[in-house]
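The values are calculated or read from the model by the stated rules, or taken from the named source; none is laboratory data. Not measured: the values here are computed from a predicted model. Ideal geometry is used to build each Cβ from the backbone, glycine not excepted, and the neighbour counts take in all protein chains shown. Ligands, DNA and RNA are excluded from the accessible area calculation, which covers all protein heavy atoms including side chains. Shrake-Rupley method; radii C 1.70, N 1.55, O 1.52, S 1.80 Å.
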Amino acid sequence: MKSIDILIIGAGISGAVLAERYASMGKRVVILEKRNHIAGNCFDYVDENGILVSKYGAHLFHTNEEDVWNYVNRFSDWYPWEHKVVARVDGKTVPIPVNITTVNTLFGTAINTENEMKEWLEENRISFTSPQNGEEAVLNRVGTELYEKMFKHYTKKQWDKFPSELDASVLNRIPVRHNYDDRYFSDEYQALPKGGYTQLFQNMLSHPNIEIHLNTDYFDVKDDFHGCEKLFYTGPVDRFFEFKHSLDDQLEY
């Protein structure tokens, strides 16, 4: 039986921040991590060629919150990184998200100002008061031509579903710009940690009040932990409830 204050399931972003914050308050924290490493899906490592590899795909840090930026700078040095994405459409290279350059390049327009861009979008969009799916969400913002050229088929490639099969929120999160900004994110703070994310998490979890158990499934050892002040579970919520309850039941719980 472990005598601890805080039990955290998962050593990813949420678990690590919770652990560091509680440990800094003098709490005794135990983290149980099912994988063989910390950092969750942000985990990266240096391979035999000296290349930093992101095992689960790239992660780009961006925030508008100064408090968040100051917090992460306590655990790593950072270097600026503004992510930019381009696409080949109709044999032309255009920026994503859609901006003035995208429209001018694809349609031969001569838009120069934000107001002109807003007017062009308003003339081309198909109005939906309350979009019910991803297709309606995109049509409501940019209209049919841009939807067909830049959203419909790429969404099928990315999700193996057409926008009409996805919730409107999935497509609404993709920005549409009224200016020339060709950055994927527009947040004030955009950067990558020097040395990678794993070292960031290592520094965050180095507090003497934090104990980490890797290769440990909470459901195999949960009977060993009783009486802790708080338990935080950061894994799939259905697994926590052993697939027995509906979402409404879980929210009530």
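Summary table below
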| quantity | calculated |
| --- | --- |
| Gaussian network model of the chain, Cα within-10 Å springs - most flexible of D44, D187, D90 | D90 |
| 0 to 90° range, to nearest 10: angle between helix 114-124 axis and the chain longest Cα axis | 80 |
| Among [x] 1.27; [y] 1.06; [z] 1.10, the entry derived from the coordinates for Cα Rg over 2.2 N^0.38 Å | [x] |
| Distance between segment 209-247 and segment 30-79 - C-alpha centres, whole angstrom | 23 |
| Antiparallel content of DSSP bridges confined to the chain, in %, to 5 | 55 |
| Point-charge dipole on Cβ atoms (K/R +1, D/E -1) for the chain, about Cα centre, debye to 20 | 460 |
| Whole-number percent relative contact order across segment 92-144, with pairs defined as alpha carbons under 8 Å at least 6 apart | 25 |
| Dipole axis of the chain (+1 Lys, Arg; -1 Asp, Glu on Cβ), positive-most option in N124, S76, S169 | S76 |
| Listed peptides 203-214, 113-124 by packing density, highest first (mean Cβ within 10 Å) | 203-214, 113-124 |
| Most fluctuating residue given options H178, H153, H59, as computed from a GNM of the chain linking Cα atoms under 10 Å | H153 |
| Mean Cα-pair separation over length for the chain, i.e. relative contact order, pairs under 8 Å, 6 or more apart, % | 34 |
| Accessible surface of the chain [probe 1.4 Å, protein heavy atoms]: carbon and sulfur percent | 48 |
| Across K156/K194; K55/K156; K34/K161; K84/K157; K157/K244, pairs whose alpha-carbon gap is larger than 26 Å | K156/K194; K34/K161; K157/K244 |
| Contact order relative to length of segment 1-119, as percent, for alpha carbon pairs under 8 angstrom and 6 or more apart | 13 |
| Of R173, R141, R74, the one that fluctuates the most in a GNM where the chain has Cα springs shorter than 10 Å | R173 |
| Nearest-ten-degree value, helix 13-24 long axis tilted from longest Cα axis of the chain | 50 |
| Proximal lysines to K27, defined as alpha-carbon separation beneath 24 angstrom and excluding residues fewer than eight positions away on the same chain | K2, K222, K230 |
